[in-house]
1. Of all residues in the stretch 2-15, which are part of a strand (DSSP E or B) and either farther than 15 Å from V65 by Cα or β-branched (V, I, T) (or both)?
2. Of the residues V76, V65, V105, only one is part of a loop (DSSP other than H, G, I, E, B), among the β-branched types (V, I, T) and touching a helix residue (DSSP H, G or I) at 6+ places or on another chain (Cβ under 9 Å); which?
3. Tally time: how many residues in the stretch 278-315 are within 18 Å of E216 (Cβ to Cβ), outside any helix (DSSP H, G or I) and without any contact (Cβ under 8 Å) to a residue 60 or more places away in the chain?
4. Here is a list: S264, S279, S228. Which entry is touching a helix residue (DSSP H, G or I) at 6+ places or on another chain (Cβ under 9 Å), modelled with pLDDT under 95 and among the polar types (S, T, N, Q)?
5. In the stretch 65-90, what count of residues is obtained for those that are over 17 Å from D53 (Cβ atoms) and surrounded by 21 or more Cβ atoms within 10 Å (Cβ to Cβ)?
6. Given the options I189, I147, I143, name the one that is within 17 Å of G70 (Cα to Cα) and either over 19 Å from the mean Cα position of the chain (by Cα) or modelled with pLDDT of 95 or more (or both).
7. Just to be sure before I move on: is A159 of a type in the set (A, V, I, L, M), over 20 Å from the mean Cα position of the chain (by Cα) and assigned to a loop (DSSP other than H, G, I, E, B) in the structure I sent?
8. Can you tell me which of (1) on the phi < 0 side of the Ramachandran plot; (2) charged (D, E, K, R); (3) in contact (Cβ under 8 Å) with a residue 40 or more places away in the chain is the one E183 doesn't meet?
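The values are calculated or read from the model by the stated rules, or taken from the named source; none is laboratory data. These numbers come from a predicted model, not from an experiment. Positions of Cβ are generated from backbone atoms using ideal geometry, with glycine treated the same way; all protein chains shown enter the neighbour counts.
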Amino acid sequence: MNILILGGTKFLGRALTEAALTKGHEVTLFHRGLHDANGFPQVHHILGDRNTDLAKLQDGEWDAVIDTSGYEPESVMASTEMLKHHAKHYTFISTISAYADLKQVQLDETAAVIQLEEAADPGQRYGALKAECEQVVQAAFPIGALIIRPGLIVGPYDASDRFTYWPTRIQRGGEVLVPLPKERKLQFIDVRDLAVWTIGLIEQGVTGTIHASGSEYTMEEVVEACKSNNNDIETTLIWVTEEFLVEQEVGPWMELPLWLPNDSLIGMLQLNNEKAFKSGLTTRALIETVKDTRAWDQGRGTEFVRLAGLKPEREEQLLKAWQEWEVGQK
(Lines give C-alpha, C1' and ligand atoms only; values in the text may rest on other atoms or scores of the structure.)
Protein backbone atom coordinates (compact mmCIF):
# COMPACT_ATOMS: atom_id res chain seq x y z
CA MET A 1 0.00 0.00 0.00
CA ASN A 2 0.94 3.62 -0.50
CA ILE A 3 0.29 5.44 2.78
CA LEU A 4 0.32 9.17 3.54
CA ILE A 5 0.91 10.13 7.18
CA LEU A 6 0.11 13.66 8.29
CA GLY A 7 2.83 14.02 10.91
CA GLY A 8 4.99 10.97 11.43
CA THR A 9 8.27 12.03 13.01
CA LYS A 10 7.57 12.48 16.72
CA PHE A 11 5.81 9.73 18.75
CA LEU A 12 2.82 7.80 17.42
CA GLY A 13 3.57 9.01 13.90
CA ARG A 14 7.09 7.65 14.19
CA ALA A 15 5.79 4.27 15.37
CA LEU A 16 3.20 4.17 12.58
CA THR A 17 5.92 4.91 10.03
CA GLU A 18 8.09 2.12 11.39
CA ALA A 19 5.18 -0.33 11.42
CA ALA A 20 4.17 0.53 7.85
CA LEU A 21 7.73 0.18 6.57
CA THR A 22 8.14 -3.16 8.35
CA LYS A 23 5.05 -4.42 6.53
CA GLY A 24 6.55 -3.35 3.21
CA HIS A 25 4.35 -0.34 2.51
CA GLU A 26 5.43 2.86 0.78
CA VAL A 27 5.18 5.86 3.07
CA THR A 28 4.93 9.59 2.47
CA LEU A 29 5.33 11.89 5.48
CA PHE A 30 3.80 15.36 5.37
CA HIS A 31 5.33 17.33 8.24
CA ARG A 32 6.86 20.65 9.20
CA GLY A 33 10.40 19.36 9.66
CA LEU A 34 10.46 20.37 13.31
CA HIS A 35 11.43 16.95 14.66
CA ASP A 36 14.17 14.51 13.73
CA ALA A 37 13.21 12.57 10.63
CA ASN A 38 16.69 11.28 9.87
CA GLY A 39 15.62 7.79 10.87
CA PHE A 40 13.41 7.55 7.78
CA PRO A 41 15.59 8.29 4.74
CA GLN A 42 13.66 5.68 2.74
CA VAL A 43 10.33 7.52 2.86
CA HIS A 44 9.14 10.45 0.80
CA HIS A 45 9.14 13.66 2.84
CA ILE A 46 6.92 16.59 1.96
CA LEU A 47 7.62 19.59 4.19
CA GLY A 48 4.75 21.88 4.96
CA ASP A 49 2.17 23.10 7.45
CA ARG A 50 -1.22 21.42 7.18
CA ASN A 51 -2.93 24.79 7.67
CA THR A 52 -1.15 26.56 4.80
CA ASP A 53 0.58 24.07 2.53
CA LEU A 54 -1.95 21.36 1.64
CA ALA A 55 -1.57 22.27 -2.03
CA LYS A 56 1.71 20.36 -1.92
CA LEU A 57 -0.37 17.16 -1.73
CA GLN A 58 -2.63 17.84 -4.70
CA ASP A 59 -0.63 15.76 -7.19
CA GLY A 60 -0.34 12.66 -5.00
CA GLU A 61 -2.37 9.45 -4.92
CA TRP A 62 -2.52 7.20 -1.86
CA ASP A 63 -4.34 4.06 -0.79
CA ALA A 64 -4.72 5.40 2.73
CA VAL A 65 -4.16 8.48 4.86
CA ILE A 66 -3.34 8.49 8.58
CA ASP A 67 -3.99 11.79 10.33
CA THR A 68 -2.01 11.96 13.57
CA SER A 69 -1.94 15.75 13.89
CA GLY A 70 -5.52 16.97 13.49
CA TYR A 71 -6.83 18.94 16.47
CA GLU A 72 -9.04 21.67 14.99
CA PRO A 73 -12.15 20.84 12.93
CA GLU A 74 -11.35 23.56 10.37
CA SER A 75 -7.88 22.15 9.80
CA VAL A 76 -9.18 18.59 9.46
CA MET A 77 -11.91 19.77 7.08
CA ALA A 78 -9.27 21.34 4.85
CA SER A 79 -7.21 18.14 4.74
CA THR A 80 -10.17 15.83 4.15
CA GLU A 81 -11.61 18.03 1.41
CA MET A 82 -8.25 17.95 -0.35
CA LEU A 83 -7.50 14.27 0.21
CA LYS A 84 -10.91 12.74 -0.48
CA HIS A 85 -9.99 13.09 -4.17
CA HIS A 86 -6.60 11.43 -3.65
CA ALA A 87 -7.24 8.55 -1.21
CA LYS A 88 -9.91 5.95 -0.48
CA HIS A 89 -9.34 5.42 3.24
CA TYR A 90 -8.73 8.00 5.99
CA THR A 91 -7.68 7.06 9.52
CA PHE A 92 -8.10 9.77 12.12
CA ILE A 93 -6.27 9.44 15.43
CA SER A 94 -8.69 10.82 18.00
CA THR A 95 -8.72 10.30 21.78
CA ILE A 96 -10.75 8.69 24.56
CA SER A 97 -11.10 12.24 25.89
CA ALA A 98 -13.83 12.55 23.26
CA TYR A 99 -16.21 10.66 25.57
CA ALA A 100 -18.65 12.83 27.53
CA ASP A 101 -18.53 10.98 30.85
CA LEU A 102 -15.13 9.61 31.83
CA LYS A 103 -16.29 8.98 35.40
CA GLN A 104 -17.94 5.76 34.20
CA VAL A 105 -15.96 2.54 33.91
CA GLN A 106 -16.11 0.07 31.04
CA LEU A 107 -17.27 2.58 28.45
CA ASP A 108 -17.52 1.17 24.94
CA GLU A 109 -17.55 2.88 21.56
CA THR A 110 -21.30 3.58 21.74
CA ALA A 111 -20.85 6.02 24.65
CA ALA A 112 -21.80 9.64 24.00
CA VAL A 113 -19.09 12.10 23.00
CA ILE A 114 -18.70 15.51 24.60
CA GLN A 115 -20.09 18.57 22.86
CA LEU A 116 -18.07 21.75 22.63
CA GLU A 117 -20.69 23.76 24.52
CA GLU A 118 -20.40 21.26 27.39
CA ALA A 119 -16.62 21.55 27.66
CA ALA A 120 -15.85 23.23 30.98
CA ASP A 121 -12.05 22.91 31.07
CA PRO A 122 -9.13 22.65 28.61
CA GLY A 123 -9.08 18.85 28.75
CA GLN A 124 -12.75 18.61 27.87
CA ARG A 125 -12.36 21.21 25.12
CA TYR A 126 -9.58 19.11 23.61
CA GLY A 127 -11.87 16.07 23.61
CA ALA A 128 -14.80 18.01 22.20
CA LEU A 129 -12.72 19.39 19.33
CA LYS A 130 -11.43 15.90 18.56
CA ALA A 131 -15.02 14.62 18.50
CA GLU A 132 -15.94 17.32 15.98
CA CYS A 133 -12.90 16.37 13.90
CA GLU A 134 -14.19 12.78 13.83
CA GLN A 135 -17.48 13.99 12.35
CA VAL A 136 -15.64 15.98 9.70
CA VAL A 137 -13.68 12.90 8.63
CA GLN A 138 -16.78 10.72 8.52
CA ALA A 139 -18.60 13.29 6.38
CA ALA A 140 -15.76 13.51 3.86
CA PHE A 141 -15.12 9.73 3.78
CA PRO A 142 -18.58 8.21 4.34
CA ILE A 143 -17.44 4.70 3.42
CA GLY A 144 -13.73 4.99 4.16
CA ALA A 145 -13.29 6.55 7.61
CA LEU A 146 -11.55 4.79 10.50
CA ILE A 147 -11.58 6.59 13.86
CA ILE A 148 -9.06 5.41 16.45
CA ARG A 149 -9.53 6.68 20.02
CA PRO A 150 -6.37 5.83 21.98
CA GLY A 151 -6.11 6.00 25.73
CA LEU A 152 -2.82 6.77 27.43
CA ILE A 153 -0.03 5.96 24.95
CA VAL A 154 3.35 5.05 26.43
CA GLY A 155 6.73 3.79 25.34
CA PRO A 156 9.90 5.09 23.66
CA TYR A 157 9.75 8.70 22.39
CA ASP A 158 6.90 9.59 24.76
CA ALA A 159 7.90 13.17 25.48
CA SER A 160 4.91 13.72 27.80
CA ASP A 161 6.74 11.67 30.48
CA ARG A 162 3.43 10.55 32.02
CA PHE A 163 4.58 6.92 32.09
CA THR A 164 8.29 7.52 31.53
CA TYR A 165 8.60 9.02 35.02
CA TRP A 166 8.19 5.68 36.78
CA PRO A 167 10.90 3.56 35.09
CA THR A 168 13.29 6.51 35.28
CA ARG A 169 12.52 7.46 38.89
CA ILE A 170 12.82 3.92 40.18
CA GLN A 171 16.10 3.56 38.28
CA ARG A 172 17.45 6.39 40.45
CA GLY A 173 16.84 4.32 43.58
CA GLY A 174 16.30 5.36 47.17
CA GLU A 175 12.89 5.99 48.69
CA VAL A 176 10.22 6.41 45.99
CA LEU A 177 6.85 7.96 46.78
CA VAL A 178 4.02 5.93 45.25
CA PRO A 179 0.25 6.59 45.51
CA LEU A 180 -2.09 4.12 47.18
CA PRO A 181 -4.12 2.03 46.64
CA LYS A 182 -1.81 -0.66 45.33
CA GLU A 183 -4.70 -2.28 43.47
CA ARG A 184 -5.58 0.91 41.58
CA LYS A 185 -6.49 -0.17 38.03
CA LEU A 186 -4.62 1.38 35.13
CA GLN A 187 -4.76 1.02 31.37
CA PHE A 188 -2.25 2.19 28.82
CA ILE A 189 -0.95 1.02 25.47
CA ASP A 190 2.57 0.75 24.12
CA VAL A 191 2.85 3.05 21.11
CA ARG A 192 4.36 0.25 19.02
CA ASP A 193 1.43 -2.08 19.69
CA LEU A 194 -1.02 0.68 18.80
CA ALA A 195 0.85 1.38 15.56
CA VAL A 196 1.09 -2.24 14.38
CA TRP A 197 -2.59 -2.79 15.11
CA THR A 198 -3.61 0.41 13.31
CA ILE A 199 -1.64 -0.53 10.18
CA GLY A 200 -3.30 -3.95 10.28
CA LEU A 201 -6.77 -2.38 10.36
CA ILE A 202 -5.88 -0.17 7.41
CA GLU A 203 -4.62 -3.18 5.43
CA GLN A 204 -8.00 -4.84 6.00
CA GLY A 205 -9.91 -1.70 5.03
CA VAL A 206 -11.62 -1.54 8.43
CA THR A 207 -13.87 1.46 9.02
CA GLY A 208 -15.88 2.74 11.98
CA THR A 209 -14.79 3.77 15.46
CA ILE A 210 -12.59 1.77 17.83
CA HIS A 211 -10.87 2.85 21.02
CA ALA A 212 -7.70 1.26 22.34
CA SER A 213 -6.56 1.74 25.90
CA GLY A 214 -4.41 -1.37 26.14
CA SER A 215 -4.11 -4.04 28.79
CA GLU A 216 -5.07 -3.60 32.43
CA TYR A 217 -2.53 -3.37 35.25
CA THR A 218 -2.49 -2.35 38.89
CA MET A 219 -0.33 0.44 40.24
CA GLU A 220 1.62 -2.18 42.16
CA GLU A 221 2.27 -4.22 39.02
CA VAL A 222 3.59 -1.13 37.23
CA VAL A 223 6.07 -0.09 39.90
CA GLU A 224 7.16 -3.66 40.60
CA ALA A 225 7.89 -4.12 36.88
CA CYS A 226 10.00 -0.95 37.00
CA LYS A 227 11.75 -2.24 40.12
CA SER A 228 12.45 -5.67 38.65
CA ASN A 229 14.31 -4.08 35.74
CA ASN A 230 16.41 -1.90 38.00
CA ASN A 231 19.92 -3.40 37.76
CA ASP A 232 19.99 -4.25 41.49
CA ILE A 233 19.79 -0.59 42.56
CA GLU A 234 18.36 -0.42 46.06
CA THR A 235 14.86 1.00 45.93
CA THR A 236 12.22 1.31 48.66
CA LEU A 237 8.64 2.02 47.65
CA ILE A 238 6.89 4.35 50.09
CA TRP A 239 3.14 3.97 49.57
CA VAL A 240 1.19 7.07 50.65
CA THR A 241 -2.53 7.65 50.93
CA GLU A 242 -4.66 9.68 48.60
CA GLU A 243 -5.80 11.79 51.56
CA PHE A 244 -2.20 12.80 52.22
CA LEU A 245 -1.51 13.65 48.57
CA VAL A 246 -4.62 15.83 48.38
CA GLU A 247 -3.72 17.56 51.65
CA GLN A 248 -0.23 18.27 50.29
CA GLU A 249 -1.74 19.67 47.08
CA VAL A 250 0.15 17.23 44.86
CA GLY A 251 -0.79 17.78 41.24
CA PRO A 252 -2.50 14.72 39.74
CA TRP A 253 -1.47 13.11 36.46
CA MET A 254 1.43 15.40 35.56
CA GLU A 255 3.19 16.11 38.86
CA LEU A 256 2.45 12.56 40.04
CA PRO A 257 1.88 10.51 36.88
CA LEU A 258 -0.83 7.83 36.73
CA TRP A 259 -2.53 9.26 39.83
CA LEU A 260 -6.06 10.65 39.60
CA PRO A 261 -7.62 11.50 43.00
CA ASN A 262 -11.07 10.52 44.19
CA ASP A 263 -11.60 8.30 41.15
CA SER A 264 -11.94 11.40 38.97
CA LEU A 265 -11.86 10.43 35.29
CA ILE A 266 -11.67 6.78 36.38
CA GLY A 267 -13.20 5.75 33.07
CA MET A 268 -10.10 6.96 31.24
CA LEU A 269 -8.11 4.12 32.81
CA GLN A 270 -10.81 1.45 32.79
CA LEU A 271 -12.37 1.20 29.33
CA ASN A 272 -13.97 -1.78 27.63
CA ASN A 273 -11.35 -2.81 25.07
CA GLU A 274 -13.22 -5.85 23.79
CA LYS A 275 -13.70 -4.47 20.28
CA ALA A 276 -10.01 -3.62 19.89
CA PHE A 277 -8.80 -7.02 21.03
CA LYS A 278 -11.35 -8.82 18.84
CA SER A 279 -10.09 -6.81 15.87
CA GLY A 280 -6.53 -8.05 16.38
CA LEU A 281 -4.93 -5.80 18.99
CA THR A 282 -2.15 -7.53 20.92
CA THR A 283 -0.02 -6.02 23.67
CA ARG A 284 3.54 -6.81 24.65
CA ALA A 285 4.73 -7.66 28.16
CA LEU A 286 4.80 -4.72 30.58
CA ILE A 287 8.45 -5.38 31.40
CA GLU A 288 9.37 -4.86 27.74
CA THR A 289 7.68 -1.46 27.69
CA VAL A 290 9.44 -0.53 30.93
CA LYS A 291 12.85 -1.64 29.66
CA ASP A 292 12.61 0.08 26.28
CA THR A 293 11.14 3.29 27.69
CA ARG A 294 13.92 3.56 30.23
CA ALA A 295 16.60 2.91 27.62
CA TRP A 296 15.20 5.65 25.38
CA ASP A 297 14.87 8.10 28.26
CA GLN A 298 18.45 7.53 29.37
CA GLY A 299 19.52 8.68 25.92
CA ARG A 300 18.06 12.12 26.66
CA GLY A 301 20.65 12.68 29.40
CA THR A 302 20.40 13.60 33.07
CA GLU A 303 20.20 17.33 32.38
CA PHE A 304 17.13 17.05 30.15
CA VAL A 305 14.07 18.65 31.79
CA ARG A 306 11.20 16.16 31.86
CA LEU A 307 7.65 17.47 31.57
CA ALA A 308 6.04 15.25 34.19
CA GLY A 309 6.91 13.78 37.56
CA LEU A 310 7.89 14.91 41.03
CA LYS A 311 11.04 16.98 41.22
CA PRO A 312 13.61 15.39 43.58
CA GLU A 313 13.35 18.20 46.12
CA ARG A 314 9.56 18.09 46.06
CA GLU A 315 9.55 14.32 46.56
CA GLU A 316 11.99 14.64 49.47
CA GLN A 317 9.73 17.22 51.13
CA LEU A 318 6.70 14.97 50.66
CA LEU A 319 8.47 11.93 52.11
CA LYS A 320 9.41 13.91 55.23
CA ALA A 321 5.87 15.24 55.49
CA TRP A 322 4.53 11.69 55.13
CA GLN A 323 6.56 10.52 58.13
CA GLU A 324 5.11 13.33 60.22
CA TRP A 325 1.63 12.71 58.84
CA GLU A 326 1.77 9.03 59.78
CA VAL A 327 2.78 9.93 63.35
CA GLY A 328 -0.11 12.36 63.58
CA GLN A 329 -2.59 9.72 62.43
CA LYS A 330 -1.64 7.30 65.23
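1. Taking the stretch 2-15 as the starting set, the residues that turn out to be part of a strand (DSSP E or B) are 2-6.
Passing the criteria: I3, I5.
2. Details: V76 fails: part of a loop (DSSP other than H, G, I, E, B); V65 fails: part of a loop (DSSP other than H, G, I, E, B).
The conditions single out V105.
3. Number satisfying all stated conditions: 1.
4. On the way: S264 fails: touching a helix residue (DSSP H, G or I) at 6+ places or on another chain (Cβ under 9 Å); S279 fails: modelled with pLDDT under 95.
Just a single option satisfies the conditions, and that option is S228.
5. Matching residues across the stretch 65-90 total 4.
6. Values: I189 fails: within 17 Å of G70 (Cα to Cα); I143 fails: within 17 Å of G70 (Cα to Cα).
Just a single option satisfies the conditions, and that option is I147.
7. Details: of a type in the set (A, V, I, L, M): yes; over 20 Å from the mean Cα position of the chain (by Cα): no; assigned to a loop (DSSP other than H, G, I, E, B): yes.
No, not satisfied.
8. For E183, the failing item is (3).
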